[in-house]
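The values are calculated or read from the model by the stated rules, or taken from the named source; none is laboratory data. Because the structure is a prediction, the values reported are computed rather than measured. For neighbour counting, all protein chains shown are included, and Cβ atoms are generated from backbone atoms with ideal geometry for every residue, glycine included. Side chains are part of the model used for accessible areas, which takes the heavy atoms of the whole protein and leaves out ligands, DNA and RNA. Shrake-Rupley method; radii C 1.70, N 1.55, O 1.52, S 1.80 Å.
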Amino acid sequence: MPSIFTKIIEGEIPCYKIAEDDDFFAFLDINPNAKGHTLCVPKKEVDRLLDLDEQTYMGLMAFSRKVGLAIEATIPCKRVGMTVIGLEVPHVHVHLIPLNTMANATFQNKVSLAKEEFEEVAEAIRAKIQ
Ligand code: AMP
C-alpha cells in the first residue's frame, strides 16, 4: 500500500506544496513545530534514510538545502534546523524547521495554523525558491 506521502505526491491527498522536481517533493508539515515547518521527500518510496541509494540521498540533501534557504529567506528565525526521524511515516522525509528556541526542535510544542495561514506561508516560501 502506498505511503501517505506517496498519496500526497500523486495528488490523491491534498497538501500545501512548496516545491517539486523529477525526484523530490516538498510540502508543509500539517502539525508543525513552528510556522514554515516543511517536509522534503524523495518520490522513491523508501522507509529509512540510510537505505536510500547514495545518489538519492545526496539529491535529497541538495533539494532540502534549496528549500531550506527559501524558508530562511521567508520566516524570521535564528536558523533552519534539519531532522530526520520517520517513526510515524515510513517514507523518508527531511524535516526543515525554523528554529528560535530548542523547543522548536523537540516535536513537543506544536503551533496551530488556520488553512489561510498555511496557504500564505506556503506561497511566501514558494516565491523564494531559487
Ligand atoms: P516522523 O515520521 O516521526 O518524522 O513524523 C511524520 C511527520 O509527518 C509529522 O511531523 C506529521 O505531522 C507529518 N504528517 C503526517 N501526515 C501528514 C500530512 N498528511 N500532511 C503533512 N504532514 C503530515
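Using the structure shown, decide if residue 2 is within 23 Å of residue 102 (Cα to Cα) and exposed (fewer than 14 other Cβ atoms within 10 Å of the Cβ). Against the criterion (within 23 Å of residue 102 (Cα to Cα) and exposed (fewer than 14 other Cβ atoms within 10 Å of the Cβ)), residue 2 does not qualify.
Could you go through segment 32-53 and let me know if any residue there is open to solvent by 20 Å² or more (accessible area, probe 1.4 Å), within 16 Å of the ligand (Cβ to nearest atom), under 22 Å from residue 104 (Cβ atoms) and in contact with an Asp or Glu (Cβ under 9 Å, 6 or more places away or on another chain). Checked segment 32-53: at least one residue is open to solvent by 20 Å² or more (accessible area, probe 1.4 Å), within 16 Å of the ligand (Cβ to nearest atom), under 22 Å from residue 104 (Cβ atoms) and in contact with an Asp or Glu (Cβ under 9 Å, 6 or more places away or on another chain).
Every condition in (1) free of Cβ contacts under 8 Å to residues at least 40 places away in the same chain; (2) surrounded by 13 or more Cβ atoms within 10 Å (Cβ to Cβ) holds for residue 85 except the one numbered (2).
Cβ separations smaller than 6 Å between residues 6+ apart or across chains give the following pairs from segment 54-75 residues that are farther than 10 Å from residue 41 by Cα to residues that are small (Gly, Ala, Ser): 67/19; 67/26; 71/36; 74/124; 75/36. Considered as a group, the residues in segment 72-96 that are touching a Leu at 6+ places or on another chain (Cβ under 8 Å) and either among the acidic types (Asp, Glu) or more than 15 Å from the ligand (Cβ to nearest atom) (or both) include one that is nearest to residue 130 (Cα to Cα), and that residue is 80.
Conditions tested, residue by residue: (1) closer than 23 Å to residue 3 by Cβ; (2) open to solvent by less than 70 Å² (accessible area, probe 1.4 Å); (3) more than 13 Å from the ligand (Cβ to nearest atom); (4) in contact with a Lys or Arg (Cβ under 8 Å, 6 or more places away or on another chain).
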residue	(1), (2), (3), (4)
60	yes, yes, yes, no
69	no, no, yes, yes
120	no, no, yes, no
128	no, no, yes, no
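Whenever a residue of segment 114-130 is part of a loop (DSSP other than H, G, I, E, B), its partners that are open to solvent by 50 Å² or more (accessible area, probe 1.4 Å) and not small (Gly, Ala, Ser), lying with C-beta atoms within less than 9 angstrom and at least six residues away or across chains, give the pairs 129/66; 129/69; 130/66; 130/69.
If you go through segment 16-31 and pick out every residue that is surrounded by fewer than 20 Cβ atoms within 10 Å (Cβ to Cβ) and not acidic (Asp, Glu), you end up with 4.
Considering segment 97-106, the residues that are open to solvent by 50 Å² or more (accessible area, probe 1.4 Å) and in contact (Cβ under 8 Å) with a residue 12 or more places away in the chain include one that is nearest to the ligand (Cβ to nearest atom), namely 106.
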